[in-house]
1. Provide Rg over Rh for region 25-75; use the alpha carbon set for both Rg and the Kirkwood Rh (inverse mean inverse pair distance).
2. If I stretch the segment between Thr33 and Ala62 completely, what's the gain in nm (0.36 nm per residue apart, minus their alpha carbon distance), one decimal?
3. Have a look at the chain and give its Rg and Dmax from the Cα atoms, expressed in angstrom.
4. For the chain, set up a GNM with springs between Cα atoms under 10 Å and report which of Leu129, Leu12, Leu90 has the largest fluctuation.
5. Take every Cα pair under 8 Å in the chain that's 6+ residues apart, average their separations, divide by the length, and report that relative contact order as a whole percent.
6. Calculate the translational D of region 76-128 in whole µm² s⁻¹ from Stokes-Einstein, where the hydrodynamic radius comes from the Kirkwood formula applied to all Cα pairs, the temperature is 25 °C and the viscosity 0.890 mPa s.
Amino acid sequence: MTAPSIEGTYALRRRQLPDGSWQYHPDIHGMMTFTREYRNFSVLWRDEQGNYYSECYVARYALTASEYTETSEYLVIDDQIGGHGISYDLASHTASAPIISDEEHVAFDLPQQFERQLSIRVEFRGPELIATGKGLFVDYWERVP
C-alpha cells in the first residue's frame, strides 16, 4: 500500500463550538499548508471580549501508509485569551501517530505534545480537512488553489 497524499493549502472556513454555536471570519482565521515534507500552520481567533489567540507552527513531516511523523521546527503562541503573552518553542521534537486511510479519506491524531493535550484529530476528505479538538471545537478547512 502506498502512502496517501495530503499535500495542499487549506483555509479555515468555520468552527463549531461545544455549545453548538459557530464562528466565522472575522472572528476566526487560519491557513495550513502541507508540502511534500513541511507543514505550516497559522490560526487566529477572537473571543467575545475581543481578546485574541494566535498560533504559528512549522514542522517537517513524513507520511507512510501506516504512520504520520512530525519534527517541529518552531512554535509561536500569543494567548491573550488565557492571559499569557507570547511564547516561543524552538526545540526540535519528533512524534508519530498511526493513520487511518482508505480511498476516500486519511485521518490521524496530531502527535506533538501541545496538540495531543487538546486531542486534535485531522481528517482529510477530498477538498476538505476537518480538525476536531475533543470537547473544544470542530474546524472545517477547505483546500484552496
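Values in this text are rule-based calculations from the coordinates and carry no lab data. Here the structure is a predicted model, which means the values were calculated and not measured.
1. With Rg and the Kirkwood Rh in hand, the quotient comes to 1.13.
2. Here the answer is 9.0 nm.
3. Considering the chain through its Cα atoms, Rg and Dmax are 15.0, 49 Å.
4. Greatest mean-square fluctuation among the candidates belongs to Leu90.
5. 21 percent
6. 184 µm²/s
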